[in-house]
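Here the structure is laid out as structure tokens; the discussion comes afterwards.
The values are calculated or read from the model by the stated rules, or taken from the named source; none is laboratory data. Please read these numbers as outputs of a predicted model, since none were measured by experiment. Reconstructed Cβ throughout: ideal geometry from the backbone, glycine too, with neighbour counts over all protein chains shown.
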Amino acid sequence: MRNINIPAACAAAALSVLCAALITDGYIRAGEHAYLNLTQPSLTLHKGDAFEPMKYVASYSDDADMLSLPSSVNTAVTGSQAAVYRLTVGKEEITRILLVTVTE
């Protein structure tokens, strides 16, 4: 008669199911590429105009963990500034830059 260790067999089965679930999730996520699209690459504003960062986001991944909008665009000063947008999906991070030029 064979001696079967039931707890070890259950642990091995549970580990197999967990590994299969992780691998399947990895394949599904690998097929979905994260994306962040802006409406345009650059923008000109007049001095004192309001900068509304979300207005320039065309689309982004539905499964995004976090979308960081630019926080340091100063329209009180003339010149060019980089508005940095960041999207995080799992371990992947996407950065997009909108060049904002402020004129008189």
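Of the strands (runs of 3 or more DSSP E) lying entirely inside the range 53-94, the ones with 2 or more residues being without any contact (Cβ under 8 Å) to a residue 24 or more places away in the chain, surrounded by fewer than 16 Cβ atoms within 10 Å (Cβ to Cβ) and over 9 Å from the mean Cα position of the chain (by Cα) are found at 79-89. Looking at the structure I just gave you, is residue 79 in contact with a helix residue (DSSP H, G or I) (Cβ under 7 Å, 6 or more places away or on another chain), of a type outside the set (A, V, I, L, M, F, W, C), farther than 11 Å from residue 43 by Cβ and assigned by TED's automatic domain parsing to the domain that holds residue 43? Answer is no for this residue.
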